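Computed from the coordinates by the stated procedures, all read-outs in this text should not be read as laboratory data. What you see is a predicted model; the values in this text were computed from it and never measured. Note that each Cβ is placed from the backbone with ideal geometry, even for glycine, and that neighbours are counted across all protein chains shown.
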Amino acid sequence: MIKIAKALCAILLAATATAGYAQQLKLSDEVKNSMNQVSPDQIKADIAYLADDKLLGRAPGTPGYQMAVDYVVDRLKSLNVKPAGENGTWIQTVKFRKAFSSDGVMTLDGNELKKRH
């Protein structure tokens, strides 16, 4: 029992001794300046807008999706973010494909769940 206690003390001592010598992260002045401009309130406002029901789910190709795109683009412009999308914009075209399966099976705890008609 004493050996275990000594081992635990040694581990705890080693852990606390090295914690004071953690590597310090060096940031450029540009990164520090950018981090100082981050506003938790603005992040909350962005999330609240993008999660709002008025965007109607934001499915691609819908008015709600376009509202979300417009909002994000406006925010990027307001933050002086350089566009990296297609043709010097903040937008990138992505093709979506639909796939359907009629023979899928769902199981729960090894039991097949039956489809209700």
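Hey, if you put +1 on the Cβ of every Lys and Arg and -1 on every Asp and Glu Cβ in region 52-117, which of Val69, Leu55, Thr93 ends up farthest toward the positive end of that dipole?
Thr93
Quick one: net charge of Val105's neighbours, Cβ under 13 Å, K/R +1, D/E -1?
Taking every Cβ under 13 Å from that of Val105, the sum is 0.
Which length gain, in nm to one decimal place, applies between Lys98 and Thr62 when the Cα-Cα distance is subtracted from 0.36 nm times their residue separation?
Extending this stretch completely gives an extra 11.3 nm.
Using every alpha carbon pair in region 28-81, what percent of pairs falls into each 5 Å bin from 0 up to the bin containing the largest distance?
4, 19, 21, 21, 15, 9, 6, 4, 1
Rounding to the nearest 20 debye, state how big the charge dipole of region 28-81 is about its Cα centre with +1 on each Lys and Arg Cβ and -1 on each Asp and Glu Cβ.
With only Lys, Arg, Asp and Glu charged at Cβ, the dipole is about 80 debye.
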